[in-house]
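Let me begin by handing over the structure; questions about it come next.
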Amino acid sequence: MTVTPDAVTPADRADDRRVTLLTFGIVLGIFAVGVSVQSVFVLGILPRSMMGSDPVTLINLVVRLVANGSAVAVGLLGVALLNPQERGIPGRLGTGFAIAFGAALARAAVQIGIGIYAPGDGIEVSAEVVTATIAGSISLTIALAQTDARRRLRTGERASAQQALRSAAALEALQSEELRMRRELADGLHGTVQQRFVLLSARITALIEADRRGGEGEPSGSRRRAEGSDDDPDRSATAELAAIRADLDDLREQDLRAMSRLLYPAELDRGAVPAIRALFQPLPSTIAFVLDFSDDVLALEAHGNRMLSPERRLLLVRIVEESLSNALKHGHATELRVRLDHRDSAFEVVIDDDGTGLIEPVELSGIRNLRHQLDLVGGRIDLGPGPSGLGARVSAVVPDGRA
Amino acid sequence: MAVVEDQALFRQLLVTGLDAAPGVSVSVAAADAASARRTLLHEGTDLAVRSIDVAVLDVQLGDGSGIDLGVDLRAANPALGIVLLSATDSLDVLLDLPRTITHGWSYLSKTSALSLPALLRAIEVSAEGRSVFDPELVARRRPRRGTGLSRLSTRQYEVLRLLAEGLSNAGIASRLGLAPRSVDNHIAGIYAELGLASGGVVNPRVAAALRFLDESAAS
């Protein structure tokens, strides 16, 4: 959003005008009705035209309501034409007086016209004009105060919305930087460090082979693992080397790989489909799963095609990863099904499992974490029982960020 | 052929070893995906990639994925054989190849007993449009519960495993001590069980090898 919070759009202007007119009309209307009722019932004042005849209360009331109503109508017309709510203090004072005085004059004219006063009642009419001007001014002041309060509220709301938007943008920038660092670290572990482990292991293999050839004249490469016996010092050195090599391989295979995956999911840069497949690859063969990618998804996030930003793709992959680990950890699932679709500018993923499901409606911290991140990008995630009542179903929507 | 490998020492060993083999000559050796693309896919009088038969690619190149590089090279030269070398042993990356170009891709692990003869055999098989999946990695896999692969008989599974290693029918027959005729029957049975027997499957042999990967777990 590029507009400043206090900028006024045509819609805002129409809104201000509506509020001013409505408030002004209501307050002045209350005055009008109140004064009419007071004159007729409390003070019992009679119009000049009715003096000397039998007073008819209803007619008296109608006559006064018409006179006061004319003041309200003229006042509203004045506000609509002069728009005091769009002016500064001097403008408001000027137009405000003009509107109130105009309305009072109109009322006086009607009062004389319908016989409340005779044209000669100079003092009474002047007094009426002054009080009506005061009533009109008070009404307009209240109306303008109401409009200003509403305007301040609107500006404040916009400012906080913009603040939220700016923090979201800052957070995204931070996440993207973090992601870049994670990728570099993971690449380093994956590539350089792993390769060096491979080379180390190869050098140890060469040592073992050389030792074996020297010791026994056995043809090289016939056996890869040294099987030394402890009574022969040479053989036990070979066995030790073999053990070191096994340790190195293990370290590379398990620890390094796990660490690298933790930092940055495997295959994330090749698309969401390869990355999700890579999540399921290490599952033991006793776990059955079906990965169901729609053709749209394959065209967008597989085969070297990538349409999601790395941050969104990571979010999508983390949703599947979290669901998978929940299913295995909490639900003891043995069968999983992942369905990934793309429609209405968003990726929709559904993960079903056959585990024990939700024993009680717990909010798992991982899901909560993902929900916070999804809130920021306008996505959502729901965890509930499976469609048949068995197992659990996680369904999530990640907007693709292109809409 | 071309070699793209980011580890300098390993690249030199590869180039030297391959050049020394009869019938093989390395015309391009690159350290990263960008320079390989520049050399092989540069638009000139003719694309250099069309003059090679096989590319040996490291999967984890410093500046990108060797698989993506392979897909691009294959697009420019549909007959190109591709041999992937990897330190991470994730055969499953082959499952995400575009469906029309799955033939002629081999995958060898740098961590298993990778030898020059094994590499040369993979190069040869890939050049013919078939695939060699690293035997040590393939042997470690187990059929996943609930899949077509898990319904194969032990013998059929053995035959499919050797097929995935890139052996011909005759090779499988001699390895298992079977009559070639009997291997043919086993393979027909495997195709039927995996739903590859219908006419719609362009290359059932490659499809069967990929199904082997798709429906098994590395243990």
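The values are calculated or read from the model by the stated rules, or taken from the named source; none is laboratory data. Note that the coordinates shown come from a computational prediction; the quantities given were computed from them, not determined experimentally. Here the Cβ positions follow ideal geometry from the backbone for every residue, glycine too, while neighbour counts run over all protein chains shown. Accessible surface areas use protein heavy atoms only, side chains included; no ligands, DNA or RNA. Shrake-Rupley method; radii C 1.70, N 1.55, O 1.52, S 1.80 Å.
Compute the accessible area of each residue in the range B:96-137 twice, once for its chain alone and once with every protein chain present, using a 1.4 Å probe on heavy atoms, and list those whose area falls by at least 40 Å².
B:ASP96, B:ARG99, B:THR111
For chain A, find the longest principal axis of its Cα atoms and tell me its angle to the long axis of helix A:365-377, 0 to 90°, nearest 10.
The answer is roughly 50 degrees.
Roughly how far apart, in whole Å, are the Cα centres of the range A:261-280 and the range A:307-334?
Using only Cα atoms, the two centres lie 10 Å from each other.
Taking all protein chains together and a probe of 1.4 Å, list A:PHE289, A:PHE24 from the most accessible to the least accessible.
On the way: A:PHE289 45, A:PHE24 5 Å².
Solvent-accessible surface, decreasing: A:PHE289, A:PHE24.
Residues of the range A:255-280 with backbone nitrogen within less than 18 Å of a virtual label 7 Å along the Cα-to-Cβ line of B:THR100, please, listed as ranges.
Within reach of a label on B:THR100: no residues.
Can you give the extra length, in nm with one decimal, that the chain gains between A:ARG150 and A:ALA170 once fully stretched, where that is 0.36 nm per residue apart less the Cα-Cα distance? Intermediate results must be reported in sequence, preceding the final value.
On the way: separation 20, 0.36 × 20 = 7.20 nm, distance 3.01 nm.
My answer for the length gained is 4.2 nm.
Ranked from the most accessible area to the least, with a 1.4 Å probe and all protein chains present, what is the order of A:GLU301, A:GLU209? Working shown, then result.
Values: A:GLU301 0, A:GLU209 25 Å².
Greatest to least solvent exposure: A:GLU209, A:GLU301.
What are the residues whose amide H is under 5 Å from the amide H of B:GLY81, where those residues sit 5 or more places off or on another chain and H is modelled from the backbone?
B:VAL54, B:ALA55
Determine the order of A:THR356, A:THR20 by accessible area, beginning with the largest, at a probe radius of 1.4 Å.
Values: A:THR356 85, A:THR20 0 Å².
Reading off the accessible areas and sorting them downward yields A:THR356, A:THR20.
Now for a separate question. In the range B:199-219, what residues drop by 10 Å² or more of accessible area when the other protein chains are put back, versus the chain on its own? Use 1.4 Å, and skip ligands and nucleic acids.
Residues passing the criterion (a loss of at least 10 Å², heavy atoms only) are B:ASP214, B:ALA217, B:ALA218.
For helix A:122-188, report the angle its Cα long axis makes with the longest principal axis of the Cα atoms of chain A; keep it between 0 and 90° and round to the nearest 10°.
In chain A, helix A:122-188 runs at an angle near 10 degrees to the longest axis.
How far, in degrees from 0 to 90, does helix A:57-82 lean away from the longest principal axis of the Cα atoms of chain A, to the nearest 10?
Once rounded, one gets 50 degrees.
Report, to two decimal places, the Cα Rg of the range A:13-149 normalised by 2.2 N^0.38 Å (N = number of residues). Don't jump to the answer; show the numbers that get you there.
Working: Rg = 15.8 Å, N = 137, 2.2 N^0.38 = 14.3 Å.
This ratio for the range A:13-149 stands at 1.11.
Search the structure for amide H atoms under 5 Å from the amide H of B:ALA217, placed 1.01 Å from N in the peptide plane, and list their residues when 5 or more places away or on another chain.
B:ARG142, B:ARG144
Scan around B:ALA29 for amide H atoms under 5 Å from its own, H built in the peptide plane at 1.01 Å from N, and keep only partners 5 or more places away or cross-chain.
Excluding prolines and chain starts, which carry no amide H, the hits are B:VAL3.
Heavy atoms only, probe 1.4 Å: what % of the accessible area of the range B:140-219 goes to carbon and sulfur, would you let me know? Don't skip to the end; give the middle numbers.
Working: 1880 of 3590 Å².
The computed percentage sits at 52.
May I pose another question? Which residues belonging to the range A:237-270 lose at least 50 Å² of 1.4 Å-probe accessible area when the assembly is complete, relative to their chain isolated?
Residues passing the criterion (a loss of at least 50 Å², heavy atoms only) are A:ARG270.
Can you give me the accessible area per residue for the protein assembly as shown, using a 1.4 Å probe, in Å²? Don't skip to the end; give the middle numbers.
Working: 30190 Å² over 622 residues.
Normalised by residue count, the accessible surface of the protein assembly as shown is 49 Å².
Can you compute the FRET efficiency between A:ARG13 and A:VAL62 using 1/(1 + (r/R0)^6), with r the Cβ-Cβ distance and R0 = 35 Å? Round to the nearest 0.05.
Details: r = 38 Å, r/R0 = 1.07.
Using R0 = 35 Å, I get an efficiency of 0.40.
Right, another one. What list of ³J(HN,Hα) couplings, whole Hz, do you get for the range A:318-329 from phi and the Karplus terms 6.51, -1.76, 1.60, once you set θ to phi - 60° and write x for glycine and proline?
Values, residue by residue: 5, 4, 5, 4, 5, 5, 4, 6, 4, 4, 7, 7 Hz.
Right, here's the next one. Report the Cα centroid-to-centroid distance between the range B:9-87 and the range A:336-353 in angstrom, as an integer.
37 Å
³J(HN,Hα) across the range A:382-392 via Karplus (A = 6.51, B = -1.76, C = 1.60, θ = phi - 60°), whole Hz, x for Gly/Pro?
10, 10, x, x, x, x, 8, x, 9, x, 10
Okay, moving on. Interface size between chain B and chain A, please: total buried accessible area, 1.4 Å probe, rounded to the nearest 100 Å². Write out the running numbers ahead of the final one.
Numbers: alone 10170 and 22580 Å², together 30190 Å².
Roughly 2600 Å².
How far, in nm, would the chain grow between A:ILE142 and A:LEU93 when pulled straight, counting 0.36 nm per residue and subtracting the alpha carbon separation? Intermediate values should be presented prior to the final figure.
Working: separation 49, 0.36 × 49 = 17.64 nm, distance 1.33 nm.
The A:ILE142-A:LEU93 span can extend by a further 16.3 nm.
What are the extents of the Cα atoms of the protein assembly as shown along their three principal axes, listed from largest to smallest and rounded to whole Å?
144, 57, 54
Out of the total accessible area of the range B:1-88 (probe 1.4 Å, heavy atoms of protein only), what percent is carbon and sulfur?
Values: 1950 of 3580 Å².
On the range B:1-88, the fraction of accessible area on carbon and sulfur atoms equals 55 percent.
Continuing with this model, one more query. What's the average, rounded to a whole number, of partner chain beta-carbon atoms within 10 Å of each residue's beta-carbon in B:84-90?
Working: counts 0, 0, 0, 8, 9, 2, 8.
Whole-number average of other-chain Cβ neighbours for B:84-90 is 4.
If you don't mind, there's one more thing I want to ask. Enter the mean number of other protein chain beta carbons within 10 Å of the beta carbon of each residue in A:145-152, as an integer. If you can, show how the numbers build up before the last one.
Working: counts 0, 0, 0, 0, 0, 0, 0, 0.
Mean number of neighbouring Cβ atoms from other chains: 0.
If you plug each phi of the range B:166-182 into the Karplus form 6.51 cos²θ - 1.76 cosθ + 1.60 with θ = phi - 60°, what whole-Hz ³J(HN,Hα) values come out, in order, with x for Gly and Pro?
Each residue of the range B:166-182 in turn: x, 6, 6, 4, 5, x, 5, 4, 6, 5, 9, x, 10, 6, x, 4, 5 Hz.
In the calculated pair distance distribution of the range A:268-399, what percentage of Cα-Cα distances lie above 26 Å?
Details: 1460 of 8646 pairs.
Distances greater than 26 Å cover 17 percent of the Cα pairs.
Would you work out the Kirkwood radius for chain B? I mean one over the mean of 1/r across all pairs of different Cα atoms, in Å. Kindly include the intermediate steps, with their values, before the conclusion.
Details: mean 1/r = 0.0560 Å⁻¹.
Hydrodynamic radius (Kirkwood, Cα only) of chain B equals 17.9 Å.
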